[in-house]
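The values are calculated or read from the model by the stated rules, or taken from the named source; none is laboratory data. Nothing here was measured: the structure is a model prediction, and the numbers come from that model. Neighbour counts are summed over all protein chains in view; Cβ atoms, including those assigned to glycine, are modelled from backbone coordinates with ideal geometry. Accessible surface areas use protein heavy atoms only, side chains included; no ligands, DNA or RNA. Shrake-Rupley method; radii C 1.70, N 1.55, O 1.52, S 1.80 Å.
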Amino acid sequence: MNTFDRYAPFIQDYIYQNGWENLRAVQAAAADVIFNTDKNLLLTSSTASGKTEAAFFPILTLFTEDMPASVGALYIGPLKALINDQFSRLNDLCREAQIPVWHWHGDVSSSHKNRLMKNPSGILQITPESLESMLLHRHATIGKLFGDLRFIVIDELHSLMRGDRGGQTLCLIERLCRLAEVNPRRIGLSATIGDPQDACAFLSAGTGRATVVPKLPQGNIRWRLSMEHFYTFPPTHAGAPTKIHNQPPETISTADDALAPRTDTAPAEADPGIGYIFEHTRGKKCLVFVNSREECEAVTTTLRQYCEAKGEPDRFLIHHGNLSESYRETAEAVMKDEEQFQTTVTTATLELGIDIGRLERAFQIDAPFTVSSFLQRMGRTGRRELPPEMWFVMREEPPEARALLPATIPWKLIQGIALVQLYLEERWVEPPRLDALPYSLLYHQTMSTLASCGEMTPAELASRVLTLRYFKRVSQDDFRLLLRHLLETDHIQQTEGGGLIVGLAGERIINNYKFYAVFQENEEYTVRAGSEELGTIVKPPPVGEKVAIAGHVWLVDEVDHKRHMVYCEMIQGKVPAYFGEVPGDIHTRILERMRGVLCEEKSYPYLMKNAVIRLASARTAAGNAKLADRNLICLGGNMYCLFPWLGTYSFLALERFLKLRCGKRLGIHGIDASRPYFLQFVMPVSEQDFWKILREELQQPIDPMSLVYPGEVPVFDKYDEYLPEELVKKGFACGVLDIEGMRTAMLRLCQ
């Protein structure tokens, strides 16, 4: 029997109604594994290849043959927007078969949730944070809700494989399965998995099942890709419009000069790169990706100022995690509308699998941090049989005439080329980070387990928490140390009978809705204009000052610190926004390829005119400094610059190693780090002695705790502040710093 014939009749009808003439390879492969084995499944294929349908067609077929007595399939998605989108799609699919589809997150009505509680059935779609809330507050109902759970589908699996949020998801799945006494099969979906074996290990943890990764045909990559470079310039004088045609010619040249910015006037502080985006989005439906919420606000504001300067209607939307639900959903609805041609400036919130219709192109301002992110953002376009299309826009301030070597390198341009080349040449994508010491998550899951289960002995609590697979590197001594500290700080209390319960300090943490999330959050204030909620900000300015949010500028009328509210009114102008720090996690492999970009003579067909010129000048500077053969460059006198070509956490380990282990022998002082690109410092010893001393120190044992500064408590993750200092230091030194990666790479350079 072929796959189509094996599907339930209502699915066959759905395929006919959508005009599909044949099944895709991913659908046939998924059906074979789900129908004919009892194993887990990892589906890795390109965006819009039909992975969701590939998973649910056979699952729903099996349900019609033997309907589960509870929720039969749990779908875990990383974003509420993605769940809302999939909820609509699955409802259309399941309506005829009368298989209920439920969704559960903070924006879903209580009446919808109550109906599920009364009639647990069908498919439940949920975020990790809402699943945490469910296990915490509805602990006694888990058996009824999931007693016949057969499948867990994890969408955008790659997004959960490099941090505590993925660890939390695995812990929640394992806790749920224990409570419901089930062992459902797991199905992971992703378009950007590097090493499938690592992903399989992550997906299968604790199931006792192997994971099948079907080998799917790999077609030739067809991309429409361009990368252009622009210098940014300050305004000629405050408040005065800048003349675009007065910029150096190379700053506005494009592959098609007819499409270059055509107006004489632009907004104050005009940025040629933003003008380039403005012109090339006209009459098209596009996404503009940026790497932070602050930049998202600034770019949107500037693009809207271009509209105003040219007398055009506003055609730009904004989408990021600090905006209110109404602003986000408005942008999503407009982008789905086939009749509207607007552009949305966004962060990673539109990077994942939500279907926003036929996009003509995506723009990326500067380089993303990961190959995975580049592929996801590229994959937003290229649906409906069109090739994916992305335009990189690299911007930098022009280096000063006397700038030293590091400042003459366009790091974001080089990084962008390296990201693209790594995938084109090797199909390389970042591997998961599964070797952390997750003490912050350990606190979180300990408190959640204790709050949901009630009084337990220390041994019972340890058996519940430490046996979760994600905590395999945590020792019983570490857990004992944590419990003692939590007793001392009143996060937990011990009863007269010797049992443990949540203490008063712990109650304050648990009873806050922010407890459900394990990713770092800043103290946020809700911003309102009249009856409209705009979103949230960090560190509100005083009354009378300006704030940027939702792509506009607002004057602050009132700040209510007790209720964390900011009241404002819209005005004209431009100010920077601030939502909190956004660290970048760049892999060592990317830095190594960046070195190759600088030192090789290869040309890249996607580089536009400005980018070709800028790369050539950077290669000339690198060649003059002999960067192909040297990593330590004398900048003059006793000032040196070290190019270690290490990723973020290896670079951080090296920076500390030089200061704490080698500082006295090398006489290093004045270290100035531009992470993870280079280190500048002053030292009295020669280049030869530097490498000799460094090699000798690297060949000695390195105690990770020795790389923690004296008196430092390196709070790195969300709940680190509630941990004993010893665990905070150990978690940072042994779980964050990549000491072995640093040692291996630097010993190679010392030879």
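A few notes on this one:
Conditions tested, residue by residue: (1) open to solvent by 50 Å² or more (accessible area, probe 1.4 Å); (2) modelled with pLDDT of 90 or more; (3) more than 32 Å from the chain's Cα centre (by Cα).
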| residue | (1), (2), (3) |
| --- | --- |
| A8 | no, yes, yes |
| I11 | no, yes, yes |
| G19 | yes, no, yes |
| N22 | yes, no, yes |
| A30 | no, yes, no |
| K39 | yes, yes, no |
| G50 | no, no, no |
| F63 | no, yes, yes |
| S70 | no, yes, yes |
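So that you can scan it fast, the table gives a plain yes or no per residue for (1) in contact with a His (Cβ under 8 Å, 6 or more places away or on another chain); (2) within 28 Å of A403 (Cβ to Cβ); (3) polar (S, T, N, Q):
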residue: K664; (1), (2), (3): no, no, no
residue: G667; (1), (2), (3): no, yes, no
residue: P676; (1), (2), (3): no, yes, no
residue: P701; (1), (2), (3): no, no, no
residue: T744; (1), (2), (3): no, no, yes
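- Tallying residues that are open to solvent by 60 Å² or more (accessible area, probe 1.4 Å) and either in contact with a Cys (Cβ under 9 Å, 6 or more places away or on another chain) or over 14 Å from K659 (Cβ atoms) (or both) within region 697-710 yields 5.
- R162 among the basic types (K, R) and at pLDDT 80 or above: no
- Among the candidates L419, L434, residue that is out of contact with any helix residue (DSSP H, G or I) (no Cβ under 6 Å at 6 or more places or on another chain) and either of a type in the set (K, R) or under 26 Å from I739 (Cα atoms) (or both): L434
- Test: residue in region 338-352 that is more than 25 Å from Y606 (Cα to Cα), touching a Leu at 6+ places or on another chain (Cβ under 9 Å) and not hydroxyl-bearing (S, T, Y): yes
- Residue in region 321-337 that is surrounded by 22 or more Cβ atoms within 10 Å (Cβ to Cβ), closer than 29 Å to G106 by Cα and modelled with pLDDT of 90 or more present: no
- Comparison of G219, G239, G194 shows that the only residue that is under 26 Å from E53 (Cα atoms), of a type in the set (G, A, S), modelled with pLDDT under 85 and surrounded by fewer than 19 Cβ atoms within 10 Å (Cβ to Cβ) is G219.
- Residues that are of a type in the set (F, W, Y) and modelled with pLDDT under 95 were ranked within region 572-614; the one that is least open to solvent (accessible area, probe 1.4 Å) is F579.
- Unmet criterion (only one of (1) open to solvent by 50 Å² or more (accessible area, probe 1.4 Å); (2) in contact (Cβ under 8 Å) with a residue 24 or more places away in the chain; (3) in a loop (DSSP other than H, G, I, E, B)) for K718: (1)
- Residue that is surrounded by the most Cβ atoms within 10 Å (Cβ to Cβ) [pool: residues in region 366-389 that are modelled with pLDDT of 85 or more and over 21 Å from L79 (Cβ atoms)]: A367
- Candidates in region 95-129 are the residues that are assigned to a loop (DSSP other than H, G, I, E, B) and among the polar types (S, T, N, Q); of these, the one that is surrounded by the fewest Cβ atoms within 10 Å (Cβ to Cβ) is S109.
- Residue list for region 72-92, filter: of a type in the set (A, V, I, L, M, F, W, C) and open to solvent by less than 10 Å² (accessible area, probe 1.4 Å): A73, L74, I76, L82, I83, L90
- Just one of the numbered conditions (1) assigned to a loop (DSSP other than H, G, I, E, B); (2) closer than 30 Å to K514 by Cα is not true of V728: (1).
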